[in-house]
1. For n ≥ 4 DSSP H runs only, could you compute -39500 (n - 2.57) per run for the chain, divide by its residues and tell me the 222 nm figure to the nearest 500?
2. Which one of W56, A111, G5 has its Cα pushed farthest toward the positive end of the charge dipole of the chain, where Lys and Arg give +1 and Asp and Glu give -1 at the Cβ?
3. Given 20 °C and 1.002 mPa s, compute D for region 123-230 with the Stokes-Einstein relation, Rh being the Kirkwood radius over Cα pairs; round to the nearest whole µm²/s.
4. Between D24 and E49, what length in nm is gained on full extension when 0.36 nm per residue of separation is reduced by their alpha carbon distance?
5. Give me the net charge for the shell around P37: Cβ to Cβ below 11 angstrom, other residues only, Lys and Arg +1, Asp and Glu -1.
6. With each pseudo-label sitting 7 Å past Cα toward Cβ, what's the T39-H159 distance in nm, one decimal?
7. If we sort 79-89, 199-209 on the protection proxy, mean other Cβ atoms within 10 Å, highest first, what's the order?
Amino acid sequence: MQIFGVDIGGSGIKGAPVDLDKGDLAQERYKVLTPHPSTPDAVADGVKEVVDHFGWTGPVGVTFPGVVTDGTTIRSAANVDKSWVDTDARALLGDRLGGLPVTVVNDADAAGVAEVHFGAGRGRRGTVILLTLGTGIGSAVFVDGVLVPNTELGHLELHGHEAEKRASSKAREDHELTWEHWARRVQKYLAHVEMLFSPELFVIGGGVSRKSERFLPHIQGIKAEVVPAQLQNNAGIVGAAMRAATGR
């Protein structure tokens with residue numbers, strides 16, 4: 001069974017058909033740059049370009065980097081244009097895609113669902129937290145495999161700043177930090193989240209998961225196991241498709 005997944009990020013919009021039996025992309029993903037300003041209409045055009053690239057005519061799952069309630073309405077937009085707030089994303093995207101069935105889900109929640117079912121969190125009990133380190137920090141919290149949606153732990157305060165302003169991948173690039181220096185920031189963030197939630201497992205996702213050997217060995221003193229996402233930066237696409245398959 002194949003369903004199309006699209007992952008909207010602060011820097012790129014990427015998508016592909018997903019093989020839901022394997023939990024992997026059925027074709028090589030296609031990516032376009034996230035427009036600036038990243039208004040709803042402009043981003044919807046980007047999503048349409050990605051979907052049209054494959055000539056897709058079935059259901060589409062779409063992730064969004066913010067709080068999504070009832071699978072439709074956007075409640076926050078930290079890393080895209082603020083005009084997204086209170087937008088009915090499902091209606092907007094469905095119209096732009098010519099009436100295709102669209103399901104919208106928080107981006108980190110989608111990545112987490114994919115990792116818990118097919119990746120590093122598979123079969124793990126207790127509290128599992130996926131953190132996507134990218135333009136910002138997304139989070140997905142699971143208790144015995146059940147998702148607690150829209151947790152937004154990237155906005156926790158850390159040393160007087162939003163955590164994602166100090167420990168995201170973008171922060172590493174903006175401040176030209178070495179991998180070791182950045183790892184120390186990530187370590188402080190993980191320690192803070194661990195103090196609040198006492199998880200058994202942290203799964204580190206986002207594009208940096210492809211380079212985990214450059215920073216994970218420098219993270220020390222965390223009681224929970226810390227591992228890279230197995231689906232790496234495709235987890236959001238896979239999770240979006242999984243949600244579209246259920247229609248919610």
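Bear in mind that the values in this text are calculations on the coordinates, not laboratory data. Because the structure is predicted, anything quoted here is derived from the model rather than measured. Cβ atoms come from the backbone with ideal geometry, glycine included; neighbour counts cover every protein chain shown.
1. Numbers: 7 runs with 76 residues, N = 248.
Helices in the chain give a 222 nm mean residue ellipticity of -9000 deg cm²/dmol.
2. Going by the Cα projections, it comes out as A111.
3. Taking Rh from Cα pairs, D becomes 157 µm²/s.
4. Values: separation 25, 0.36 × 25 = 9.00 nm, distance 2.13 nm.
Working it through step by step, the gained length comes to 6.9 nm.
5. Numbers: positive: K82; negative: D41, D81.
So the surrounding residues net to -1.
6. For the pair T39/H159, the computed spacing is 3.9 nm.
7. With the highest mean Cβ count within 10 Å placed first, the list reads 199-209, 79-89.
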